[in-house]
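S.K.: First the structure, which I've put down as C-alpha cells, then a few questions once you've had a look.
We did not get these values from a lab; they are worked out from the coordinates using the rules stated. These numbers come from a predicted model, not from an experiment. Backbone-built Cβ (ideal geometry, glycine too); neighbour counts: all protein chains shown.
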Amino acid sequence: MKTVVITGISGVLGSALGKYYLQQGWKVVGVSRQNNLEGDYFSELCTNQQKSEADARSLLKYDPDLIIVNAGQIETEVGAEGVPLVDQFEAITTVNYRFPALVGLAAADMKLNRRLDVVAIGSIADGSPSCFGPVYHASKIAVHYFYSGVGPIVHHANRNVRMRLYRPGAIKGPLAWAPINRLNEKGYKIRAKRVEGAPEGPEVVEKIANWISGDEWVGTYEEPFSFKIFKYLFALAPNAFYKLQLLGWRKGSKYTT
Ligand SMILES: NC(=O)c1ccc[n+]([C@@H]2O[C@H](COP(=O)([O-])OP(=O)(O)OC[C@H]3O[C@@H](n4cnc5c(N)ncnc54)[C@H](OP(=O)(O)O)[C@@H]3O)[C@@H](O)[C@H]2O)c1
C-alpha cells in the first residue's frame, strides 16, 4: 500500500486530496496543528506545528511515497493603512515558504530505495498587485524559487527524491476570499468574479493528482493574461513593475481616495 502525507489536511484542498487518495487505496497521513481533528479524509492524524527542521523530519518517519506540502495561509488581518502585521507575516512565511523548503531538505537526507515525491503547493497569484495580498505572494514566489533552484541540486544528490511544485489558481473556499481586506469596491468586484467562478476542491484535486502521477516538475493552472503581464514585467523591467504596483495600490486599495 502506498503512503501519502498531506499537510493542511483539515482545509478545502487538503481534505479533498485526502479523500481522493483514500479512494485510490492509499494510506493517508493527514497533518494538522490540531490534535483532535476527526474526519473521513485521512487514515491517521499527525499533529505537527510545521515550523522547525524537527517538524519536517518527523513527516518522513511515515516512510511515504508522496508528501504534499499543502498547508498555507493568507493575511486575514492587516494593520493601519494596510501595512502587514508582523505576526501574520511570520506565520505566513513559515508555513508557505520555510516549511516546504525544510521538508525538501529533510527528504534530501533520506536513504531511500524507492522514489519519494515532495510536492509543494504554490499559487499562480505570485505576481498579483499589492492590494491583493503581497505577503502571501512573496512567500509563494519564495517557495517557487526554492523548489526550482534547490530541487535540481537535491535530485542530483539523491536520485530518488523529486521536489516538485504545483501552482493552483483560485479554489472555492475561505482562503480564496481572504485577499479582500485591502480592496476598494472596484478591487472587490474583480476578486469576487474570480472566486465565484473558481472550481471546487475535488475538481482541482483530480487535476493535481493526475499531474502528480506524471513526470513534470512544475504543474500549473492556465493563468489569465493579466497575471502573465505582471510576471513578465517583474522579470524584464523591475522598476516599471514597482511603478505599476504603486499605481495599482492607488487604484485598487481602500486606503487611497
Ligand atoms: N484556495 C485558493 O484559492 C488557493 C489558490 C491557490 C493556491 N492555494 C494554496 O492551496 C493550499 C491549500 O489551500 P486551501 O484553500 O485548502 O486553504 P485552507 O482551506 O485555508 O486550508 C489550509 C490549511 O492549512 C493549515 N494552516 C493554515 N495556517 C497554518 C499555519 N500557519 N501553520 C500550519 N498550518 C496552517 C490549516 O490546517 P490546521 O488548522 O488543521 O493546521 C488549514 O486547514 C495552500 O497552500 C494555498 O496557498 C489555494
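S.K.: Can you find even one residue in the range 66-83 that is in contact with a strand residue (DSSP E or B) (Cβ under 8 Å, 6 or more places away or on another chain), away from the ligand (no atom under 12 Å from the Cβ) and within 13 Å of ILE6 (Cβ to Cβ)?
M.R.: Yes: one or more hits.
S.K.: Among what's in the range 47-66 and is out of contact with any Asp or Glu (no Cβ under 9 Å at 6 or more places or on another chain) and more than 24 Å from ASN160 (Cα to Cα), pick the residue that is surrounded by the fewest Cβ atoms within 10 Å (Cβ to Cβ).
M.R.: By that ranking, first place goes to THR47.
S.K.: Would you tally the residues in the range 181-219 being within 12 Å of the ligand (Cβ to nearest atom), in contact with a helix residue (DSSP H, G or I) (Cβ under 7 Å, 6 or more places away or on another chain) and without any contact (Cβ under 8 Å) to a residue 40 or more places away in the chain?
M.R.: 2
S.K.: With respect to LEU17, is the statement that it is out of contact with any Pro (no Cβ under 7 Å at 6 or more places or on another chain), within 19 Å of MET163 (Cβ to Cβ), without any contact (Cβ under 8 Å) to a residue 60 or more places away in the chain and crowded, with 21+ Cβ neighbours inside 10 Å true?
M.R.: On the way: out of contact with any Pro (no Cβ under 7 Å at 6 or more places or on another chain): yes; within 19 Å of MET163 (Cβ to Cβ): yes; without any contact (Cβ under 8 Å) to a residue 60 or more places away in the chain: no; crowded, with 21+ Cβ neighbours inside 10 Å: yes.
Taking the combined requirement at face value, the residue does not satisfy it.
S.K.: If a residue has to be under 21 Å from ALA56 (Cβ atoms) and more than 9 Å from the ligand (Cβ to nearest atom) to count, how many in the range 114-137 make the cut?
M.R.: Total satisfying the criteria: 6.
S.K.: Of the residues PRO168, PRO179, PRO224, PRO238, only one is closer than 28 Å to SER15 by Cβ and surrounded by fewer than 17 Cβ atoms within 10 Å (Cβ to Cβ); which?
M.R.: On the way: PRO168 fails: surrounded by fewer than 17 Cβ atoms within 10 Å (Cβ to Cβ); PRO179 fails: surrounded by fewer than 17 Cβ atoms within 10 Å (Cβ to Cβ); PRO238 fails: closer than 28 Å to SER15 by Cβ.
Just one listed residue meets the conditions, PRO224.
S.K.: Here's a follow-up. Which numbered condition trips up LEU45, out of (1) within 10 Å of the ligand (Cβ to nearest atom); (2) touching a helix residue (DSSP H, G or I) at 6+ places or on another chain (Cβ under 7 Å); (3) not aromatic (Phe, Trp, Tyr)?
M.R.: That leaves (2) as the condition not met.
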